[in-house]
1. If you take the residues in the stretch 1-41 that are assigned to a loop (DSSP other than H, G, I, E, B) and small (Gly, Ala, Ser), which one is farthest from LYS218 (Cα to Cα)?
2. Hand me the list of helices (runs of 4 or more DSSP H) wholly inside the stretch 138-228 holding 1 or more residues that are under 30 Å from LEU74 (Cα atoms).
3. Only residues that are surrounded by 13 or more Cβ atoms within 10 Å (Cβ to Cβ) and among the charged types (D, E, K, R): list them for the stretch 166-178, please.
4. Which of the residues belonging to the stretch 192-212 are touching a residue at least 40 places away in the same chain (Cβ under 8 Å) and buried (at least 21 other Cβ atoms within 10 Å of the Cβ)?
5. Does at least one position in the stretch 17-28 carry a residue that is within 30 Å of ALA208 (Cβ to Cβ) and surrounded by fewer than 23 Cβ atoms within 10 Å (Cβ to Cβ)?
6. Select, from THR189, THR177, THR167, the only residue that is closer than 20 Å to ILE62 by Cβ, away from ligand 1 (no atom under 16 Å from the Cβ) and touching a residue at least 60 places away in the same chain (Cβ under 8 Å).
7. Filter the stretch 51-90 down to residues that are of a type in the set (Gly, Ala, Ser), under 30 Å from ARG314 (Cβ atoms) and more than 13 Å from ligand 1 (Cβ to nearest atom), then give me how many there are.
8. Which of the residues that make up the stretch 76-133 are more than 15 Å from ligand 2 (Cβ to nearest atom), of a type in the set (Gly, Ala, Ser) and crowded, with 16+ Cβ neighbours inside 10 Å?
Amino acid sequence: SPAPGPKPIRRLEESLINRIAAGEIIQRPASALKELLENSLDAGSTSIRVTVKEGGLKLLQIQDNGCGIRKDDLHILAERFTTSKLSTFEDLSRITTYGFRGEALASMSHVAHLSVITKTKSSPAAWEASYIDGVLVDPRTRQPGEPKVCAGNDGTTIIIKDLFYNTPTRLQALRNTSEEYSRILDVITKYAIHNPKVSFSCKKATSASLDITTPASKTVSQAIRLLYGHSISTQLLEATISSRDHKISSKDDEDEDAMDVDLPKGPTTWSAEIHFNRLVESQRIKRSLEAVYHGVLPKGTSPFIYLSLEIDPRCVDVNVHPTKREVHFLNEEEITERIADAMQQKLAAQGQSRTFEYQT
Ligand code: ADP
Ligand code: MG
């Protein structure tokens, strides 16, 4: 029998479009937190405190001491594609902030109850604003509203409540709150290592004790010791490579361009992270480093690697995916090869005697 005739094409409701887009960016509490951490870091914060209830599903609160948000900007803060970080297409090729798409807060307002308390240095008071589906609302009536004056310190507090309250299937899939909490701790740990000048803390709202706490003004190695423990940090090998040809810029900070290689005793999970001042994944680099370690480490173990790549922003395409988890960069193959070679040499020179110890 012949195929049925085509159905009419309709325009999706705007609220549906926004909720679908939000689901792509905010997949779970940890992905919301990633966006919020990046905003706090973009705002120049030196202190970031995170409070969590029920794995972030009930409450995710992040308080920073950054530049704050101007009261006049609060009306459009949670609209899609509103940002202070980008204005022309050309800006994309020299972007140095984590954010630029202006979608994170908007997304959160479409899948959670979002409130913001913020104060800039020049403002005499703090302002509070609540958002539903991109719109600044009065939290009681849920009708369009105005920011309310309140007490507060310089900086911004973002409060996300009841994440995925309006997307029940997503909520169903995230019932294991301790799993979600450990993912939250993992995200904070990664950003804390890469931003050692910033003090981070994280706790459950129901507990007095901090699960993560790092002071400001330290080095990457000190941050690794604090977060992963003394035994890992003392076993780190450090390697630095730079190349003008490949536009890996020379480093000004001791740690920035460093490659730390560790050979732990027991089996650990693979944790190669690549930062372009942003946290990204690269299967190509992972695979090639795995190959380097293949013959060196005992079976069933994998190395702890902190890999920080500094690449000229003009050579990186950050606009590949809405979560910016993936980026493309020039000379990817050559750069990967150079890193693997350097690590091979480092291991040959310093690592082998130590590896030998572990195997006995
Ligand atoms: P993006 O980071 O891509 O610009 P977001 O939706 O994450 O988009 O944030 C929108 C805007 O809100 C940012 O451009 C910034 O101006 C402001 N903002 C968000 N979080 C903070 C914060 N913690 N401190 C200061 N400004 C913030
Ligand atoms: Mg952002």
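The values are calculated or read from the model by the stated rules, or taken from the named source; none is laboratory data. If you're wondering where the values come from, they're calculated on a predicted model, not measured in any experiment. Cβ: placed from backbone, ideal geometry, glycine included. Neighbour counts: every protein chain shown.
1. SER1
2. 168-173, 177-194
3. ARG170
4. Passing the criteria: ILE193, ASN195, PRO196, VAL198, PHE200, CYS202.
5. There is at least one residue in the stretch 17-28 that is within 30 Å of ALA208 (Cβ to Cβ) and surrounded by fewer than 23 Cβ atoms within 10 Å (Cβ to Cβ).
6. THR177
7. 0
8. ALA112, SER115, SER123, ALA126, ALA129, SER130 - these are the residues of the stretch 76-133 that are more than 15 Å from ligand 2 (Cβ to nearest atom), of a type in the set (Gly, Ala, Ser) and crowded, with 16+ Cβ neighbours inside 10 Å.
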